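To start, the structure under review is shown below, and the notes come after it.
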C-alpha cells in the first residue's frame, strides 16, 4: 500500500493546515513549510515552490530522517536540512511548522526587547513557553539549521531573526498550528500594549503556580525531556 493511501487521513489534515496558514496570511508566495513525523523514520513534509494555499494531497512528500524521498511526485521544501536537524536532535518532537505571522515577524526585525521571552499570559506561558531569537543565516542553508543548535534542546518555539517563526510540539500538526495562532495573538497584544503604555509581566510566584498547574495536568515542560527543571527556572534563571 502506498504511504499516501496508508496515511490518507493524516495527509488530508496536513493539507487543511497548509490552507489554514494561507487563509490566515501566515504564509505568502512560496513561503513557509511544515512537517509531521508519522513513524520513527518517516516525515510528511511540504513541497518546494508551492503556495501553501494551493497544496493538495498529491503535492505532499514523504521523506526519511536521512532526507531521502520515500514517496512523492515533487521535491521537498528547500528547508529540509533544518527539519532533519530538528527531528534528529529532538526525537520527542512530532510536528514542526515554519511560517511568517505578521506580529511575530515584526519582532523578528525589531531592535527592541524580545517580549516573547517573558511570561505574559497563562496560556502562552504553559503551552508555548519562552521564544528566543535564533541569529540570522541565509535561508535554505545548513548554516541556518546549525544556528538553532544552542536553543534547540531548551525551547519549542523560535523567532528566526529577520525571517519568521518556527514552532514545534509533541502533538500532531493541528496542535502545532494552534500554538502558532496563540503565539501570534500574544505578539499582537504585545505590539498594542507597547503603543498604549507598557507591558505588565507575570511574576515569579505566578509562573511557579502555573508550573504546578502544568504538573497537575501532566503537561511536559518545554525543550527536550529532562533539560528544564521547572517553568519558573525557564523564565527566571537568575532568580532560582
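Here, each number is a calculation from the coordinates, and none is a lab measurement. What you see is a predicted model; the values in this text were computed from it and never measured. Every residue, glycine as well, gets a Cβ built from its backbone with ideal geometry; the counts of neighbours run over all protein chains shown.
The relative contact order of the chain comes to 18 percent, based on Cα pairs under 8 Å that sit 6 or more residues apart.
On the beta carbon distance between residue 114 and residue 69, with R0 = 51 Å, the FRET formula returns roughly 0.85. Kindly list the residues of region 181-213 that lie in the label zone of residue 103, defined by a backbone N under 17 Å from the point 7 Å along the Cα-to-C-beta vector. Counting backbone N atoms under 17 Å from the label point, the list is 181-202.
At q = 0.11, 0.19 Å⁻¹ the log10 of I(q)/I(0) for region 1-159 amounts to -0.45, -1.32, computed by Debye summation with a single uniform scatterer per C-alpha, solvent ignored. Largest GNM mean-square fluctuation among 161, 123, 73, using the chain with Cα springs under 10 Å: 73.
Which shape class, rounded, prolate or oblate, goes with region 82-240 when its Cα gyration tensor gives a ≥ b ≥ c as root eigenvalues, a/c under 1.5 marks rounded, and past that a/b bigger than b/c marks prolate? In terms of gyration-tensor shape, oblate. If R0 is 41 Å, the Cβ-Cβ spacing of residue 142 and residue 9 corresponds to a FRET efficiency of close to 0.75. Compared with the direct C-alpha span, the chain from residue 219 to residue 237 gains 4.4 nm at full extension, assuming 0.36 nm per residue.
Between 182, 138, 38, find the one with the highest GNM mean-square fluctuation for the chain; connect C-alpha pairs within less than 10 Å. Residue with maximal mean-square fluctuation among 182, 138, 38: 138. The mean sequence distance of close C-alpha pairs (under 8 Å, at least 6 residues apart), as a share of the length of region 128-208, puts its relative contact order at 23 percent.
Mind checking which of 44, 144, 212 has the largest fluctuation in a GNM of the chain, springs on alpha carbons under 10 Å? Maximum among the listed residues: 212. Its alpha carbons give region 14-57 an Rg and a Dmax of 10.6, 32 Å.
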